[in-house]
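Have a look at the structure below before the remarks.
All of the numbers you see were taken from the coordinates with simple rules; none came from a lab. Nothing here was measured: the structure is a model prediction, and the numbers come from that model. A quick note on method: Cβ atoms are made from the backbone with ideal geometry, for glycine too, and the neighbour counts reach across all protein chains shown.
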Amino acid sequence: MIAANMIKINGKWYQPGEELPADRKPNVEPTKPDLNFDVESLKSENFDRDIQASNETDYTRKDIMDMKYFALKSLANKHGISADNKKTEVLRNEVIKALGL
């Protein structure tokens, strides 16, 4: 087989028009990511602490900056902020603004 473009096979580069080795590894189909995962696996190690902090009334800016998405979403909903389809950074800034921090 002749290389149509520059390609690297088994650690060696081949220029367009060069003959490719016959013993090259076959092309492998890319695998699709497994989207069947448990939401629990996305929670941080400190999720319970974050949720507990979100149930308290005293917050610092640092507390909010350290919160993971699920705890932040819980806090936002508690304060009447819609958290649907928002990135963590956007939600974090809205919560900070709502709490006046």
What distance in nm separates the simple spin-label points at D23 and I96, each placed 7 Å from Cα in the Cβ direction? 5.9 nm
If amide H atoms are modeled at 1.01 Å from N in the peptide plane, then the residues at a separation of 5 or more from I9, or on another chain, having amide H under 5 Å from its own are Y14
When the Karplus curve 6.51 cos²θ - 1.76 cosθ + 1.60 is applied with θ = phi - 60°, which whole-Hz ³J(HN,Hα) does each residue of segment 72-84 get, with x for Gly and Pro? 5, 5, 4, 5, 4, 5, 4, 9, x, 9, 6, 9, 5
Expressed in nanometres to one decimal, the distance between label points 7 Å along Cα→Cβ at I2 and N85 is 5.1 nm
